[in-house]
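Novice: Here it is: the structure, laid out below.
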Amino acid sequence: MARNPQSLAGLVEVLARALVDHPDRVRVDLARGDRHPRVELTVDPDDIGKVIGKDGRTAQSMRVLLNAAATKQGFNRAFLDVVD
């Protein structure tokens, strides 16, 4: 499979839109990483808790899914940053 970091950003966007109350305010950007894709997620301030989750569990689950998809595409790993 071809290495496509844009599809990783799309995965994060689908996950985040399903979690929040304001899906139209979800923004996902692909930042330049040294060797690994870095996905930056920005949501409405009212929805930040829904994306992070209790004790960060939701965000950690999103990172696990992102890393699984990145591995399947040939990346060693990917990073998810929730921007507030």
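Novice: As I understand it, the dipole of the chain uses +1 on the Cβ of Lys and Arg and -1 on the Cβ of Asp and Glu, about the Cα centre. Which of Ala70, Val28, Val82 lies farthest toward its positive end?
Specialist: Positive-end residue among those listed: Ala70.
Novice: Here is a further query. Cα convex hull of the chain: how many Å³ per residue? Numbers along the way, then the final one.
Specialist: On the way: hull volume 7.0 nm³, N = 84.
Normalising the Cα hull of the chain by residue number yields 83 Å³.
Novice: Suppose only helical runs count, i.e. DSSP H with n ≥ 4. What mean residue ellipticity at 222 nm does that imply for the chain under -39500 (n - 2.57) per run, divided by all residues and rounded to the nearest 500 deg cm²/dmol?
Specialist: -13500 deg cm²/dmol
Novice: Once the Cα atoms of helix 57-72 and of the chain are each reduced to a long axis, what angle between those two axes, in degrees from 0 to 90 to the nearest 10, is obtained?
Specialist: 20
Novice: Here's something else I'd like to know. Compute a Gaussian network model of the chain, connecting alpha carbons closer than 10 Å, and tell me which residue from Asp29, Asp46, Asp21 fluctuates the most.
Specialist: Asp46
Bear in mind these aren't lab numbers, they're just calculated from the coordinates by the rules spelled out. Predicted, not measured: the structure shown is a model, and the values here were computed from it. We place every Cβ from the backbone using ideal geometry, glycine too, and count neighbours over all the protein chains shown.
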